[in-house]
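> If you scroll down you'll find the structure; I have some questions about it.
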Amino acid sequence: MKAEYVNPVFKAVTDVFKAMLDIEVSRGATGAVAGGNQEVDIRINVKGDVSGSILFQFPQDTTLNIVQIMSGMELKELDDFVTSAMGEISNIISGNAASYLSQLNYHCDIMPPQIAVADAVVSAHFSHKTLSIPLHTNIGDLNICISLDEMK
Amino acid sequence: MIWKEKYKIGIPTIDKQHEELFNRVADFVQAIRQEGRWEEKIEKVKDTMVFLQEYVVTHFNYEEQYQQALGYPDCEEHHNIHEAFKADIQSAAKEFADAGYHEQAVQILAGRLLAWLINHVVAADQKMAQYVTEQGLEI
């Protein structure tokens, strides 16, 4: 997978977190990204000049903090309201990433988010197919797995 | 309360409409998430769906007329975003009515609506306000 797909995704995450939440995002340390017993996994499939998927892994604590900032309400569990809000944020980030990719002349469409709640703690993994980017914010960590191939 | 001063774009009429929109969405979110029987919350869901289909359309029309009057270059793109949102709300309203206002479907829409609204105001609407400032146009 080409490393040049990473920057548009990272830029989209930092821009959206800053604009919507007033939160700065930085690259985190490689390894486990923890925060609570569960995590929200959101997969967005990408089709076009580059195809594959972007997987957003938000640990429970990070998720609750994000939705709390948006809703102004105290939240305790990863219910449908919370995971749906995270699905939309991931959708917005992916839309922005697709727009940045199109500026590099890779035109692609994003599919609707597939949302799941998992018990496992997020663990960053690397392979030749998937690039995992652990990210850090002052309201918790998150992980993004990018798995995109050029189809042109 | 979900409205924040930082969401203001500096165009008073639009800011006022946004604040009203955020307040109504906040009321809706609070109503569907508080303790109590779901059946008692359905009226609030119905009211909100009507509000979203009426007030939001009025607000979108105002924004679009404002953009046309300014000669805003991203007018069409902004219009398309509004149209997609209107279609989404219309289809959700129909789905809710047909299926009997199931709680899960309403909670899912509420989460999506909250994130969509915040992003639209801080991204697309801020972009329009930035254009007004850059061009030195009168608000």
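> Per residue in segment B:109-139, which ones lose no less than 30 Å² of accessible surface when going from chain alone to all protein chains (1.4 Å probe)?
Listed by number, the residues meeting the 30 Å² cut-off are B:Gly111, B:Arg112, B:Leu114, B:Ala115, B:Ile118, B:Asn119, B:Val122.
> While we're on this one: What distance in nm separates the simple spin-label points at B:Asp98 and B:Gln130, each placed 7 Å from Cα in the Cβ direction?
About 4.0 nm separates the two model spin labels.
> For the pair B:Glu64 and A:Glu74, what calculated FRET efficiency results from E = 1/(1 + (r/R0)^6), where r is the Cβ-Cβ distance and R0 = 30 Å, to the nearest 0.05? Write down the numbers at each step before the final one.
Values: r = 37 Å, r/R0 = 1.24.
Result of the calculation: an efficiency of 0.20.
> By a straight-distance test (C-alpha under 28 Å), which lysines pair with A:Lys76 as possible cross-link partners, with residues fewer than eight away in the same chain excluded?
A:Lys18, B:Lys4, B:Lys6, B:Lys41, B:Lys44, B:Lys46
> If you don't mind, there's one more thing I want to ask. Based on Cα positions only, what radius of gyration and what Dmax would you give for the protein assembly as shown, in angstroms?
Answer for the protein assembly as shown, Rg first and Dmax second: 19.4, 54 Å.
> Restricting to DSSP loop positions (anything but H, G, I, E, B) with no more than 15 other Cβ atoms inside 10 Å of their own Cβ, which GluC sites (Glu not before Pro) remain in segment B:12-105?
Filter output for segment B:12-105: B:Glu35.
> I'd like the distance between the alpha-carbon centres of segment A:26-79 and segment B:1-56, rounded to an integer number of Å.
Segment A:26-79 and segment B:1-56 have Cα centres spaced 25 Å from each other.
> Additional query: A:Lys47: which aspartates and glutamates have alpha carbons under 18 Å from its alpha carbon, excluding same-chain residues fewer than 8 sequence positions away?
A:Glu4, A:Asp109, A:Asp149, A:Glu150
> Roughly to the nearest percent, how much of the accessible area of chain B is carbon and sulfur, given a 1.4 Å probe?
Within chain B, the accessible surface is 47 percent carbon and sulfur.
> What does the extension gain come out to for B:Lys86 and B:Glu19, with contour length at 0.36 nm per residue minus their alpha carbon separation?
Result for the pair: 22.2 nm of gain on full extension.
> Output the relative contact order of chain B, whole-number percent, from Cα pairs under 8 angstrom with separation of 6+ residues.
32
> Turning to a different aspect of this structure: Using only the alpha carbon atoms of segment A:1-89, find the Kirkwood hydrodynamic radius as the inverse mean reciprocal pair distance, in angstroms to one decimal.
Result for segment A:1-89 stands at 14.4 Å.
> Between beta-carbons, use under 13 Å as the cut-off and find the net charge around B:His102, counting Lys and Arg +1, Asp and Glu -1.
-4
> Quick one: which bits of segment A:71-112 get at least 50 Å² less accessible when the partner protein chains are in, versus the chain alone, with a 1.4 Å probe?
A:Met73, A:Asp80, A:Phe81, A:Ser84, A:Glu88
> Can you compute the FRET efficiency between A:Asn105 and B:Glu138 using 1/(1 + (r/R0)^6), with r the Cβ-Cβ distance and R0 = 41 Å? Round to the nearest 0.05.
0.60
> Please state the charge dipole magnitude for the protein assembly as shown, taken about the Cα centre, from unit charges on C-beta atoms (+1 on K and R, -1 on D and E), reported in debye and rounded to the nearest 20.
540
> While we're here: Specify, per residue and in Å³, the volume enclosed by the convex hull of the alpha carbon atoms belonging to chain A. The partial results should precede the final answer.
Working: hull volume 14.3 nm³, N = 152.
Once divided by residue count, the hull of chain A is 94 Å³.
The values are calculated or read from the model by the stated rules, or taken from the named source; none is laboratory data. The shown structure was predicted, so the numbers you read here are calculated from the model rather than taken from an experiment. Note that each Cβ is placed from the backbone with ideal geometry, even for glycine, and that neighbours are counted across all protein chains shown. These area figures cover heavy atoms from the full protein model, side chains too; ligands, DNA and RNA do not enter into them. Shrake-Rupley method; radii C 1.70, N 1.55, O 1.52, S 1.80 Å.
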